[in-house]
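The values are calculated or read from the model by the stated rules, or taken from the named source; none is laboratory data. Only a predicted model underlies this, so the values are computations on that prediction, with no experimental measurement involved. Cβ coordinates were reconstructed from backbone atoms using ideal geometry, including for glycine residues, and neighbour counts include every protein chain displayed. Areas reflect the complete protein model, heavy atoms only, side chains present, ligands, DNA and RNA absent. Shrake-Rupley method; radii C 1.70, N 1.55, O 1.52, S 1.80 Å.
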Amino acid sequence: MRRVDVDSAFAEAEAELETLGFQPTTQSLTWEGGLDIGGAATAVRLSLPRGFPYALPIVRVDRAKLRKQIPHVERDGKVCVAASNGLLLDATRPASLVRETLCRARRTLIEGLQGENAGDLQQEFNAYWASAAGRTVLAFCESRRSSRRIAVAELTDRRAGIAFVVDESADVLRGAAERIGLRIGAVEPAWFIRLNSPVTPPPFEMETNLRYVGVLIREHLDGATRAMVERWLIGGQTRLTFLFSFSFNDGQSDAVFALRLKSGLSSNGFRLGRVPLGIAIGCNGRKKAERLDVQRGDAEFLAARTGSMANYRQKRVLVVGCGAVGGYLAMCLVDSGIGHLTLVDDDYLRSENAMRHVLGLAYVGRQKVEALKAFVQSRLPHVAIETHAFRFEDAIEKDPELIQQHDVVIFATGDHSFELRMSELVRQKTRLVHVWLEAHGVAGHVLVDGKSKAGCLGCLYVEDDAYGLHCKASLYEPGQSFTAAIGGCAGTFTPFGSLDAQRAAIEAARVSIRVLAGEMGGSILVSWFEPNLEQQSAKFVLSSRARQMSPGGRAEVTQHAGCPRCRR
């Protein structure tokens, strides 16, 4: 690819525009010309952005001169010609970029005016709904449930235009606001209305009012739902807030939008709650309903952004050990869509662990499970988290059904003696996963227990006269001491860094998701090798297994020969 000279690129683009009959305007780097739309010339303006030729030219049209509202034309007249995400431009051909942009703009306008892409208006509903005042609702409500009463509160400390927050009930709303640090005022009732058919967005300039709300209720709800909403609407509410949703793309996607009336409806002489809706709208129909933008925070919407089609919101995962690996693992699991997490650890976070723990110094002195719960729910308040701030043995003694209540139990303690004992005790009750790191992050491992099949943690351990019991999966030779200490015996630890803990957490989370998806029915050992040349790790001897792996390599193996614990 040849070098791009930006000044030359602008000159080539200008020459191309002159060839196409475009004339410069008084606005910098902007030209005006015409596009042939159905045999008639339509005036457009083309601007070259600062990033050109690594950014597309911008084409704008006077919306007032279009005979109807069409898709892919924004409030300021900008014609959308390409997706902004993942676009690769050939910056060595600036004249072609100009021609292609104008060609796409012309095609967009023709398709819109001829109605060929009319359905795109519904798909782009939220872009056209944009609040004139820039006020936003943060919504945690599920968009596909039936119409229902919800709760709304105004923020007392507005963030980047977020003025309101809504959730399923007053108590749930207060809890979510507290978890994510939102300060809210009084909680009021609102309605979430699930429309039974798609809606075309109103024009940008159209003022939405109560009459518009009435049209949505009459034309897009069944009789029973309409009656419920109407009763609430005329019931004397001091303020009226609505969230609406509808499906498009054959039910694959949803649009969510909001309206708010600053005051309730006058009764016009009728008893409270008895005024007929037609009369109420007739008397109050011009009452302005403010359009509000919606930022969605519901689990269904957020999970869709991950690209996964699987739904793990009903899955329950138990994590034993909330140290460096377990802390990052909890985050990875909820970020993968796990809806219920149980954390077990009896320890408190100490300052010496802050550098490699997801929580950091802000949580020093707090119980790890409670601090981790607060941290996770400050990011994703809809995740249900149960905590047990005591030893795992005590947890299962207090609740013998605890293990069976979970789809997967993950051990991230780094204590092999403990995990060997627990493996033998509980492996038949649910799927177990073990994750651990070797010193200095040279290697890490994730083992999936076979449960009713062969393959357990004990399979990896062998005993010989020279070294005693040791793990044959290790990438270090046995018989070496890796423990480090700061401040004597009480301060011993296995050295590894935050990046090592994050890698182990990611591997364990990916494997656990595969177990939940039914992709791993038996026992699998996942190992990775990340050698480094730092002085403290270079002095140790690698095992023959390490010498069989490439630096940066990853291996998945099934190995359970001769294990007396799970052999059949």
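Leaving out ligands and nucleic acids, note down the accessible area per residue over the chain with a 1.4 angstrom probe, in whole Å².
Here the residues of the chain average 49 Å² of exposed surface.
Considering only protein heavy atoms and a probe of 1.4 Å, how much of the accessible area of the chain is carbon and sulfur, as a whole percent?
Solvent-exposed carbon and sulfur of the chain make up 48 percent of the total.
Using alpha-carbon positions, what is the distance between the centroids of segment 427-442 and segment 353-383, in Å?
Distance between centres, Cα-based: 22 Å.
Please list the non-local residues whose amide H lies under 5 Å from the amide H of Tyr476, H modeled 1.01 Å from N, same-chain partners needing a gap of 5 or more.
Amide H to amide H, under 5 Å and 5 or more residues apart or across chains, Tyr476 pairs with Ser543.
Expressed in nm to one decimal, what extension gain is obtained for the pair Phe204 and Ser550 from 0.36 nm per residue of sequence separation less their Cα-Cα distance?
My answer for the length gained is 118.6 nm.
Compute and list, largest first, the equivalent-ellipsoid semi-axes of segment 316-356 from the alpha carbon gyration tensor, each √(5λ) rounded to a whole angstrom.
Result for segment 316-356: semi-axes of 20, 12, 6 Å.
Residue separation times 0.36 nm, minus the C-alpha to C-alpha distance between Ser96 and Phe418: what's the value?
109.3 nm
Can you tell me the FRET efficiency between Asp157 and Tyr212 if r is taken as the Cβ-Cβ distance and R0 is 25 Å, rounded to the nearest 0.05?
0.20
So, counting K/R as plus one and D/E as minus one, what does the shell of residues with Cβ under 10 Å around Asp76 add up to?
Summing Lys and Arg as +1 and Asp and Glu as -1 gives +3.
With Cβ to Cβ distances under 9 Å as the rule, what net charge do the other residues near Phe140 carry (K, R +1; D, E -1)?
So the environment of Phe140 carries a net charge of -3.
Any chance you could look up the accessible area of Ser169 with a 1.4 Å probe, heavy atoms only, rounded to 10 Å²?
Ser169 has an accessible surface of roughly 40 Å² with all protein chains in place.
Under a Cβ-Cβ cut-off of 10 Å, what is the net charge of the residues other than Leu402 that fall near it, where Lys and Arg count +1 and Asp and Glu count -1?
Local net charge: -2.
Starting from the exponent 0.38 and prefactor 2.2 Å, build the expected Rg for the chain from its residue count and divide its actual Cα Rg by it.
1.26
Kindly state, to the nearest 0.05, the FRET efficiency for Glu18 paired with Tyr54, given R0 = 22 Å and r defined as their beta-carbon distance.
Efficiency, from the Cβ-Cβ distance: 0.45.
For segment 1-54 and segment 306-350, write down the distance between their C-alpha centroids in whole Å.
52
How far apart, in nanometres, would the label points at Glu116 and Leu66 be if each is projected 7 angstrom from Cα along the Cα-to-Cβ direction?
Taking the simple label geometry, Glu116 and Leu66 are separated by 1.5 nm.
If segment 6-115 were replaced by its equivalent ellipsoid, with semi-axes equal to the square roots of 5 times the Cα gyration tensor eigenvalues, what would those be, largest first, whole Å?
The equivalent ellipsoid of segment 6-115 has semi-axes of 23, 16, 12 Å.
At a 10 angstrom cut-off on C-beta neighbours, averaged per residue, how do the peptides 181-194, 390-403 rank from highest to lowest?
Order by mean packing, descending: 181-194, 390-403.
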